[in-house]
Amino acid sequence: MNIEPVILCHLNFNNIVLKTQPTSLLLLSLAFIAIFSACEKELDTGASEKYKEQLKESYRYYPLELNKSWIYSIDSIYYSDNLGIIEVDTVRGIYRETLVDTFRNENDQLVYRCLKEKKNVNQTWSVLRVYSLTVLTNQLLRTEDNVTLVDLIFPIRSGSRWDTRVFIDSDANYLIRGKAINLFKDWPDTYVANEYNGEYNGTATPMIDIIDVEADNNIILYKSSHRTYARGVGMIRKEQAFFTTQRTEDPDLPWEQKAEIGFKAIQTLLEYK
């Protein structure tokens, strides 16, 4: 934690007269101890208040309020190898995530239930699943389909790093459109790449960019994942991609043309209400 060099106590040494008597020296020593103890206490109090304010502002990057909803568009493209034939499926949907309830878990931690729905062609909504958000002082945990990830840490600062996979087996396979993908293997630490003033709904808004995985491109594998959050709103964009291929004869070919298994998804906030 960085503490700004603010001078909290001023000592005028010109007005201090040193005397040789033992009693005077003892009193002077006690005076110095009292003064510096007061300075240290004042400094500790100031640092504590600053930390609390940083926490408060950080929590606003994922505002949690019952009955609030995020509505997203998600554009996805999936690649699947079906007996040597590469099938490509493009999907676009509108999804709503609503905080519907809270409870305390076995560790007395506050947990929010979030209802995830998909918009139908007749403008009604179909329930897909319920996931949970667990609120800790310094972390926000997201549990969906029995997978718990550390979504954010607090306070949020540029350069902050953490292991988003600490609660899962990073070597486990996950089914994506019926195909097993080792999605989280060799993920590095997630980190806050940027803090800046962006724009949301025409209003200047503090934002952060979070990198889960830098674009990692080798001859048989590509993966990347990054998110953007707006303070007072939540996540406004997420882009994630994972491709694999054994077609290595032309390494410069775009992944959209050589992927055999994988996906790319772009999630964009349409409305927060």
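Miscellaneous remarks
- With respect to the conditions (1) surrounded by 14 or more Cβ atoms within 10 Å (Cβ to Cβ); (2) in contact (Cβ under 8 Å) with a residue 24 or more places away in the chain; (3) within 27 Å of Thr244 (Cα to Cα), Pro155 lacks only one, and its number is (3).
- Test: Asn194 is more than 25 Å from Ala241 (Cα to Cα) and surrounded by fewer than 16 Cβ atoms within 10 Å (Cβ to Cβ): no
- Residues in region 82-104 that are under 24 Å from Met235 (Cα atoms), among the hydrophobic types (A, V, I, L, M, F, W, C) and surrounded by fewer than 12 Cβ atoms within 10 Å (Cβ to Cβ): 1 in all.
- Single residue of Asp189, Asp209 found to be exposed (fewer than 14 other Cβ atoms within 10 Å of the Cβ) and either of a type outside the set (A, V, I, L, M, F, W, C) or under 24 Å from Leu110 (Cα atoms) (or both): Asp189
- For region 201-209, the criterion of being β-branched (Val, Ile, Thr), closer than 21 Å to Leu149 by Cβ and modelled with pLDDT of 95 or more is met by at least one residue.
- Considering only residues in region 178-195 that are in a strand (DSSP E or B) and closer than 25 Å to Tyr79 by Cβ, the one that is modelled with the highest pLDDT turns out to be Ile181.
- Segments classed as strands (runs of 3 or more DSSP E), wholly inside region 124-172, with at least 2 members that are within 14 Å of Leu55 (Cα to Cα) and among the hydrophobic types (A, V, I, L, M, F, W, C): 147-153
- Looking only at region 225-247, and only at residues there that are under 30 Å from Leu55 (Cβ atoms) and among the hydroxyl-bearing types (Ser, Thr, Tyr), the one that is surrounded by the most Cβ atoms within 10 Å (Cβ to Cβ): Tyr229
- Cβ pairs under 7 Å, 6+ apart, first in region 212-227 and in the same structural domain as Trp255 (by TED's automatic domain parsing) and over 16 Å from Tyr79 (Cβ atoms), second modelled with pLDDT of 95 or more and surrounded by fewer than 16 Cβ atoms within 10 Å (Cβ to Cβ): His226/Glu239
The values are calculated or read from the model by the stated rules, or taken from the named source; none is laboratory data. None of these values were measured; they are calculated from a predicted model. As a convention, Cβ positions derive from the backbone with ideal geometry for all residues, glycine included, and neighbour counts pool all protein chains shown.
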